[in-house]
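Report on one structure; see the data block that follows.
The values are calculated or read from the model by the stated rules, or taken from the named source; none is laboratory data. Worth saying up front: this structure is predicted, and the values here are computed from it rather than measured. Note that we place each Cβ from the backbone using ideal geometry, even for glycine, and neighbour counts take in every protein chain shown. Protein only, heavy atoms only, side chains kept; ligands, DNA and RNA dropped before computing areas. Shrake-Rupley method; radii C 1.70, N 1.55, O 1.52, S 1.80 Å.
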Amino acid sequence: MPSCPGWTVSKLVRHIARVHSWVRATMADPSGERAAAGTPPEGWADLLDWWAEQRAGLFEGFAAGPEAPAWMPFRLFPPTTASWARRQAHEAAIHRVDAELALGPRANAVSFDPEFAADGIDELLAWLLPSRPDGWNSGEVAGEVLVHAADAGRVWTVRLEPGAAPEVRAGAAVPAGFEAGATIAGTADSVYRAVWGRPSRAVMSGNAALLEPLRAP
């Protein structure tokens, strides 16, 4: 698969189904002590059935309500089903892009709503990456990054310092006096794909080293 080197569509389905099974376990056991992923079957037909079973179980867990407790491995996320609903929405969306790209570079037909795409950018920049166990910026890079999703009217500014957590701010306009050393700009759909490392029409400019700490896990 061009956007997931070394993967096949079968491996992609195994991955997403296994993640769904793991999330089901985190909702069933909010302590996290028994939150383990299931083992997908080998055969393609059996795998599709198992994926459908995990997906149905995921929605059953979400039906408990957004504030129902769930174990979360990401320190900034509230330990609730609402956090998992958001995380799984973007997990599935980005992997849908991968599945379509497996058919060829011209096969990627999905187009994400600006508000949904902007939420995916926000989740990555302000919530997910700062929760990474290896930290944000272990190198020597320092500077400021501007991320602009024009059609969603959203701007994120990221200030990076060596060995420190980033300072991420979201708003509708660039703060006065902000000087970006690097920029990612375009439609929300394009920027969403770009920050998640998928083919994109977003315009990336400036010091490329500043964009490296923003990469999706």
Residue separation times 0.36 nm, minus the C-alpha to C-alpha distance between Leu103 and Ala56: what's the value? 14.3 nm
Along Cα→Cβ, 7 Å out, is where each label goes; now give me the distance between the ones at Ala45 and Ala176 in nm to one decimal. 6.9 nm
Rounded if a/c is under 1.5, else prolate if a/b beats b/c, else oblate: with a ≥ b ≥ c from the C-alpha gyration tensor eigenvalues square-rooted, which is the stretch 177-217? oblate
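Could you please state how large a percent of the accessible area of the stretch 11-72 is carbon and sulfur, counting protein chains only and using a 1.4 Å probe? Before the final figure, lay out each step's value.
On the way: 1910 of 3470 Å².
Carbon and sulfur atoms account for 55 percent of the accessible area of the stretch 11-72.
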Amide H to amide H under 5 Å from Ala70: which residues, 5+ apart in sequence or cross-chain, H placed 1.01 Å off N in plane? Thr80, Thr81
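What number results when the radius of gyration of the chain, computed over Cα atoms, is divided by 2.2 N^0.38 Å? Spell out each step's value before the answer.
Values: Rg = 18.2 Å, N = 217, 2.2 N^0.38 = 17.0 Å.
In units of the globular-protein estimate, the chain measures up at 1.07.
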Cα convex hull of the stretch 1-129, projected area averaged across orientations, nm²: 8.6 nm²
Using 20 Å as the cut-off for backbone N distance, which residues of the stretch 161-192 belong to the label zone defined by a point 7 Å from the Cα of Ala89 along Cα→Cβ? 170-172, 187-192
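For the chain, what is the accessible area per residue in Å² when the probe is 1.4 Å?
Details: 10840 Å² over 217 residues.
Result: 50 Å² per residue.
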Within the accessible area of the stretch 73-196 (1.4 Å probe), percent carbon and sulfur: 55 percent
Using only Cα atoms, tell me the angle between helix 44-62 and the longest principal axis of the chain; keep it within 0 to 90° and round to the nearest 10. 70 degrees
In nm, what is the difference between 0.36 nm times the number of residues separating His15 and Ala82 and their Cα-Cα distance? 22.0 nm
Determine ³J(HN,Hα), in whole Hz, for all residues of the stretch 64-73 in sequence, where each value follows from phi through the Karplus function 6.51 cos²θ - 1.76 cosθ + 1.60 and θ = phi - 60°; x replaces Gly and Pro. 5, x, x, 9, 4, x, 7, 6, 10, x
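Tell me the mean residue ellipticity at 222 nm calculated for the chain from its helices only (DSSP H runs of n ≥ 4, each -39500 (n - 2.57), averaged over every residue, nearest 500).
Values: 6 runs with 81 residues, N = 217.
For the chain, the value works out to -12000 deg cm²/dmol.
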Report the FRET efficiency, 1/(1 + (r/R0)^6), for Val110 and Ala165, where r is their Cβ-Cβ distance and R0 is 45 Å, rounded to 0.05. 0.85
Which sequence of Ser83, Ser205 reflects their accessible areas, 1.4 Å probe, from the largest down? Ser205, Ser83
Taking r as the C-beta separation of Arg34 and Ala216 and R0 as 30 Å, the FRET efficiency to the nearest 0.05 is 0.60
Most mobile listed residue (Ser131, Ser21, Ser31) in the chain, GNM with C-alpha springs under 10 Å: Ser31
